[in-house]
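Below is one structure, written out as C-alpha cells; the observations come after it.
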Amino acid sequence: YGTRTARERRAVRGEGDTTELAPERVAELLHNPTKQVSVEELKRDYTYVVRDLRSMGMLAVVLVVVLVGLALLLPQ
C-alpha cells in the first residue's frame with residue numbers, strides 16, 4: 001500500500017465511497033503508477049516460479065534424453 005490514504009486503500013479493496021479523489025492525487029497516481037518492491041518481497045512471493053521453471057527444465061531434459069534413446073534403439 002505504500003503511502004496510500006485510507007480512502008485509497010478502501011478503493012483498492014472495493015470498499016466504501018470511492019467517488020472522491022483529489023485531482024492532484026489522481027494526477028500523481030497516473031504519473032507514478034508503479035509500486036516499489038524489494039528483492040526480499042520478490043523472492044518470498046515468487047519462489048514457486050523458480051521452482052516450477054527448474055522442474056520444467058528437468059522434465060524437458062528427461063524427455064529429450066528419452067526421445068534420443070528411442071531414436072537410437074528403435075529400428076529404422
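The values are calculated or read from the model by the stated rules, or taken from the named source; none is laboratory data. Bear in mind that the values here come from a model prediction, so they are computed numbers and not experimental data. With ideal geometry, Cβ positions are generated from the backbone for all residues, glycine too; neighbour counts draw on all protein chains shown. Accessible surface is based on the protein model in full, side chains and every heavy atom, while ligands, DNA and RNA are left aside. Shrake-Rupley method; radii C 1.70, N 1.55, O 1.52, S 1.80 Å.
Okay, residues lined up against (1) assigned to a helix (DSSP H, G or I); (2) in contact with a helix residue (DSSP H, G or I) (Cβ under 9 Å, 6 or more places away or on another chain); (3) among the aliphatic types (A, V, I, L, M); (4) open to solvent by 90 Å² or more (accessible area, probe 1.4 Å):
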| residue | (1), (2), (3), (4) |
| --- | --- |
| 36 | no, no, no, yes |
| 40 | yes, no, no, yes |
| 50 | yes, yes, yes, no |
| 53 | yes, no, yes, yes |
| 57 | yes, no, no, no |
| 69 | yes, no, no, no |
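Selection over region 28-73 of residues that are over 30 Å from residue 4 (Cα atoms) and among the acidic types (Asp, Glu) gives a count of 1.
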